[in-house]
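Trainee: Supplied in structure tokens, the structure appears directly below.
Here, each number is a calculation from the coordinates, and none is a lab measurement. Worth saying up front: this structure is predicted, and the values here are computed from it rather than measured. Quick reminder, even Gly has a Cβ in these numbers, built from the backbone with ideal geometry, and neighbours come from all protein chains shown.
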């Protein structure tokens, strides 16, 4: 346990030194703030509550950005340390490989959680200063959005580790991660949409569609945030899908947790079998 | 004297490549052992197996009574390792790096930081590692290997990139540890500097152990000639001195000095002849075969001498 925390603390310290924390926080805060101000312009002060609009736009931003940041941090974690030669020395210490991996995971997740909370929190504070009023449901939805964003980050950190534990060199890891990002964040949805249009509802039932959505962590995250709360789903234009979707919040959360645990377990297995 | 490292019939394959082909030896408390052999001879592979970083294909390795690859880390807490081309995370300072490794070994951080002064890192310890020269990284590498007074110290090419002054300090530190009972195994190419220090030498060639013993034992086994250098007053203008047997090889260095290659058994006999002859031997120098020559000899006859 001590070893785990020592490793996590070193990862955090390194991320601060390398300005990863600063860069990620500024990026998320900058984009969140600009979305907040731009997003509140068309709604004006009538009807729509600014916070709900912000949740919709921020979660759309998260789907693109958080996986990218997570993969950038994670793709180097194992293969990079091996290439630099630091892993050899580290593993000669009284610490198991799974502890190294889990320690790094905790550290990287802490960095990501810090950046997300601070970046998106800035948007909420900006709204508050701008005179918007929050109700309890809106706040709960906002907190859930931040929490699930961190969970989405965990998913992609785990996927990044799996890639990093399997490939031979850093270049391959980076290429593979960018490919995975494109596939899961952009191409999957387009392909799914194309499939639905072609199928015209003949073969693909609601159940199959739900399964297909759960197979992509980005979609699970999207459904969780855009349909989880009534007000939000109204603005996101996903109310229809939410009504027809058979997926409960619990199922979506479970999907995200599984998407974290399975790649993490795979990464641990691959790493423990690797020869130095 | 009890064995701290036990290597029995160890074989290691990397795919098609046989890195180590059946090596056995025991290392005892307080021994300082030099592991020599050219690149690819299996030195680093042996050390990695002692650390449990890789598993032997066949055979057994035991360190401090345990199997290092079995996932028990009690032995690793008493083990120090300095890898060849040691690398550290560039963003941290020397002190932060040392503190990190001390925490991993669960040793007091302050004791570990004091080691930075022992290796002479001094003020540089507060700078980031990416500003370090090769020598400074090597010092930090040694400092981390010394954390917690290890009972077994594995040093892979430890003195490459060190200036002569630091080499001196380095060997002083190591010898002090060995005197206190630490087993030190070091691999090196710098044979001349090992010669005076290592109590025992293991020579590896292409994954095989070709020689193992103290320097004196290896000299006896190798039967390499000792060079006798004589300063003689009345050396004939050319040719050998009159008392020299016809079969002996000799070199005339200049008008007064002659150098004779003497096989171990002939050494005393030759000296008798030289002095009994009445020709005035003014000075005498005996040069036993050095480690370089022994190493070359054992590689030429790459068969185990036993």
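Trainee: Quick one: compute the contact order of chain A, relative version, from alpha carbon pairs under 8 angstrom and 6+ residues apart, as a percent.
Mentor: 29 percent
Trainee: Give me the tail of P(r) for segment A:101-181 as a percent: Cα-Cα pairs with distance above 20 Å.
Mentor: That fraction is 48 percent.
Trainee: Okay, helix-only estimate at 222 nm for chain A: each DSSP H run of n ≥ 4 adds -39500 (n - 2.57), divide by all residues, round to 500 deg cm²/dmol; what do you get?
Mentor: When only DSSP H runs of four or more count, the value is -27000 deg cm²/dmol.
Trainee: Cut-off is 10 Å between beta-carbons; in what order do A:150, A:111, B:11 appear when sorted fewest neighbours first?
Mentor: B:11, A:150, A:111
Trainee: Comparing A:203, A:18, A:225, which has the greatest mean-square fluctuation in the GNM of chain A with Cα pairs linked when under 10 Å apart?
Mentor: A:203
Trainee: In nm², what is the average projected area of the convex hull enclosing the Cα atoms of chain A?
Mentor: Working: hull surface 63.6 nm².
Dividing the Cα hull surface by four gives the mean projection, 15.9 nm².
Trainee: Relative to the longest principal Cα axis of chain A, at what angle does helix A:217-227 sit, 0 to 90 degrees, rounded to 10?
Mentor: So the inclination is approximately 30 degrees.
Trainee: Cα atoms only, segment B:3-220: Rg and Dmax in Å?
Mentor: Just the Cα atoms of segment B:3-220 yield Rg and Dmax of 16.9, 52 Å.
Trainee: Continuing with this model, one more query. Which whole-angstrom value gives the distance between the alpha carbon centres of segment B:43-85 and segment A:57-90?
Mentor: Spelled out, the Cα-based centre of one part sits 30 Å from the other.
Trainee: While we're on this one: Roughly how many whole Å is it from the C-alpha centroid of segment B:159-176 to that of segment A:155-199?
Mentor: Computed from Cα coordinates, the inter-centre distance equals 50 Å.
Trainee: Hey, what angle do you get for helix B:109-118 against the long axis of chain B, alpha-carbon based, 0 to 90 degrees rounded to 10?
Mentor: 30 degrees
Trainee: So what's the projected area for the protein assembly as shown, the Cα convex hull averaged over all directions, in nm²?
Mentor: That works out to 36.4 nm², a quarter of the Cα hull's surface.
Trainee: Follow-up. Provide, as a two-decimal number, the C-alpha radius of gyration of segment B:97-198 over 2.2 N^0.38 Å, N being how many residues it has.
Mentor: Computed over Cα atoms of segment B:97-198, the ratio equals 1.04.
Trainee: Sort the following peptides by mean Cβ neighbour count (other Cβ atoms within 10 Å, averaged over residues), highest first: A:119-125, B:221-227, B:263-269. Show your work: numbers first, answer last.
Mentor: Working: A:119-125: 20.6, B:221-227: 17.0, B:263-269: 13.1.
Packing order, densest peptide first, comes out as A:119-125, B:221-227, B:263-269.
Trainee: Here is a follow-up. Hey, what number do you get for chain B at 222 nm if only DSSP H runs of n ≥ 4 count, each worth -39500 (n - 2.57), divided across all residues, to the nearest 500? Please report the intermediate quantities before stating the final value.
Mentor: Numbers: 9 runs with 91 residues, N = 306.
Computed ellipticity for chain B at 222 nm equals -9000 deg cm²/dmol.
Trainee: While we're looking at this one, here's another question. How far is helix B:291-300 tilted, in degrees, relative to the longest principal axis of the Cα atoms in chain B, given as a value from 0 to 90 rounded to the nearest 10?
Mentor: Between helix and principal axis, roughly 90 degrees.
Trainee: How crowded by other chains is B:94-104, given as the mean number of beta carbons from other chains within 10 Å of each beta carbon?
Mentor: Counting Cβ atoms of other protein chains within 10 Å of each residue's Cβ and averaging gives 4.
Trainee: What residue among B:256, B:13, B:38 shows peak mean-square fluctuation when chain B is described by a Gaussian network model with Cα springs under 10 Å?
Mentor: Looking only at B:256, B:13, B:38, the largest GNM fluctuation is found for B:256.
Trainee: Arrange B:17, B:86 by Cβ neighbour counts within 10 Å, fewest through most, would you?
Mentor: B:17, B:86
Trainee: At a 10 Å Cβ-Cβ cut-off, how would you order B:257, B:203, fewest neighbours first?
Mentor: On the way: B:257 16, B:203 24.
Ranking B:257, B:203 by Cβ neighbours within 10 Å, fewest first, gives B:257, B:203.
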